[in-house]
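See structure below.
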Amino acid sequence: MDFSLPEELQMVKETVRRFVDKELIPIEMHSQEDNKLKPEIRERLEKITKQMGLWLIDVPEEYGGAELGLLSRVVIWEEMGRTIALPSRERGLFGPEIKPILYNLNEEQKQRYFYPVLRGEKTCGLAQTEPDAGSDPGSMKTRAVRHGDHYVINGVKRFITHADADFLQVLAVTDPSKGAHGGISCFLVDQGTPGFQITGRFETMMGERPYQIVFDDCKVPVANLVGKEGEGFKLGQKHLGVGRLRHGARGIGVAERCLEMGVSYAKQRVTFGKPLAERQAIQWKLADSFVELHASRLMVYQAAWKADQGEDIRNEAYMVKLFVDEMSFRVVDRVLQIHGGIGLTLDLPLAKWFVDQRSRLITEGASEVMRMVIARHVLKKYG
């Protein structure tokens, strides 16, 4: 059983690492404005990624993309996680972000939505989370009721990252009796549709400002239903599964860079006549971090490899989301402690990572919910 990366993936990993070290880390403390990558910086960096052949990495070849497997993307996301140059929840540097749901559009819908996104002419977002349905989307209350040739949507969506996009993929209940098991559908809703209103934004500790949306008798054509009625929850979970592995890959990158910083500082910083690196308390923090990082990388790589073999990785994705997000926060916390007072300043990326990685124990599935779902699987498997 070979646990090493194939040679071509190792080359991709090294190429992206050189790109991060040369182009991103040197600018990471001043690359953003209002929590977005500065336009002139994005333009310059995207030219480089195109030249590297890393453009549309997750888009199938039939649409002009590179169609990299999930393991390849995980390796790239891991290396990109080593810097705070990019906003953690904004699209990366590898082309327009194509939400997996968009691949399920029919040809007429693709002409209006998918291809414009692919060409960079339109942007899209996903509206799933609600005041009472965060990590448990099956509890959503937003309703979509059919009236002739359109649906009428009513409800509230909260903490929506890209609510100002040109259109949203909106999940809504079409059959309350079925809930998440065939009762939730997905709709394409254009910005500016009557009854669709952005009512506010939330100030978060991460610096991001997600939106609240209200749907008040918002009429959406039947032609904007994605797939069939009741397929929305399944489509949304596809998006979250890949997202959870992306969480894991990013967490590995964050943890590795922190470990690099922790070791470097521990060797330089002298207290009471000795370098920190010679003190057992510091050595144990570094050792624990190294062990947890190693375990996390194996977990994420295996899950991505299984996905590339066509296997169901729902349980692996839950475990990755839980274990790696918590691991990365612990590593950031330890390394910040090693740095002492300087670690609290905004001159280093540690403070930003501390806030970002803490937030990830809640977003895209809180740790408690991940444990609940994993426990359900364990009880069934060994019961």
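Among the residues of segment 1-57, how many are farther than 28 Å from Glu208 by Cα and hydrophobic (A, V, I, L, M, F, W, C)?
Total satisfying the criteria: 7.
What are the residues in segment 171-194 that are in contact with a helix residue (DSSP H, G or I) (Cβ under 9 Å, 6 or more places away or on another chain) and not hydrophobic (A, V, I, L, M, F, W, C), if any?
If the condition is that a residue be in contact with a helix residue (DSSP H, G or I) (Cβ under 9 Å, 6 or more places away or on another chain) and not hydrophobic (A, V, I, L, M, F, W, C), then Thr174, Gly179, His181, Gly182, Gly183, Ser185, Asp190 are the ones that fit.
List every residue pair whose Cβ atoms sit under 6 Å apart, with the two residues 6 or more apart in sequence or on different chains, where the first one lies in segment 320-334 and is more than 15 Å from Val369 (Cα to Cα) and the second, anywhere, is of a type in the set (Val, Ile, Thr).
Ser328/Val254
All but one of (1) out of contact with any Ser or Thr (no Cβ under 7 Å at 6 or more places or on another chain); (2) surrounded by fewer than 21 Cβ atoms within 10 Å (Cβ to Cβ); (3) touching a residue at least 12 places away in the same chain (Cβ under 8 Å) hold for Ala165; which doesn't?
(1)
Working only within segment 298-326, note down all residues that are crowded, with 19+ Cβ neighbours inside 10 Å and among the basic types (Lys, Arg).
Lys321
Please give the number of the condition Lys234 fails out of (1) farther than 30 Å from Glu108 by Cβ; (2) free of Cβ contacts under 8 Å to residues at least 12 places away in the same chain; (3) not in a loop (DSSP other than H, G, I, E, B).
Of (1) farther than 30 Å from Glu108 by Cβ; (2) free of Cβ contacts under 8 Å to residues at least 12 places away in the same chain; (3) not in a loop (DSSP other than H, G, I, E, B), only one is false for Lys234: (1).
Tell me which residues, restricted to segment 123-149, are within 20 Å of the chain's Cα centre (by Cα) and farther than 19 Å from Gln237 by Cα.
Thr123
Using beta carbons and a limit of 6 Å, which pairs, at least six apart or on different chains, have the first residue in segment 19-41 and touching a residue at least 40 places away in the same chain (Cβ under 8 Å) and the second one charged (D, E, K, R)?
Val20/Glu79; Val20/Arg82; Asn35/Glu208
Can you tell me which residues in segment 281-323 are of a type in the set (Asp, Glu) and closer than 19 Å to Arg376 by Cβ?
Asp312, Glu316
Give segment 136-181 a look and list any residue that's closer than 19 Å to Thr363 by Cβ and either of a type in the set (Gly, Ala, Ser) or part of a loop (DSSP other than H, G, I, E, B) (or both), or say none.
Across segment 136-181, the qualifying residues are Asp136, Gly138, Ser139, Met140, Thr161, His162, Ala163, Asp164, Ala165.
Report, by residue number, each residue of segment 354-383 that is farther than 28 Å from Gly253 by Cα and either under 15 Å from the mean Cα position of the chain (by Cα) or part of a loop (DSSP other than H, G, I, E, B) (or both).
Gly383
Tell me which residues, restricted to segment 138-147, are of a type in the set (Gly, Ala, Ser) and either more than 18 Å from Pro221 (Cβ to Cβ) or modelled with pLDDT under 95 (or both).
Answer for segment 138-147, where residues must be of a type in the set (Gly, Ala, Ser) and either more than 18 Å from Pro221 (Cβ to Cβ) or modelled with pLDDT under 95 (or both): Gly138, Ser139.
The values are calculated or read from the model by the stated rules, or taken from the named source; none is laboratory data. Quick caveat, the model's predicted, so the values are computed rather than measured. For neighbour counting, all protein chains shown are included, and Cβ atoms are generated from backbone atoms with ideal geometry for every residue, glycine included.
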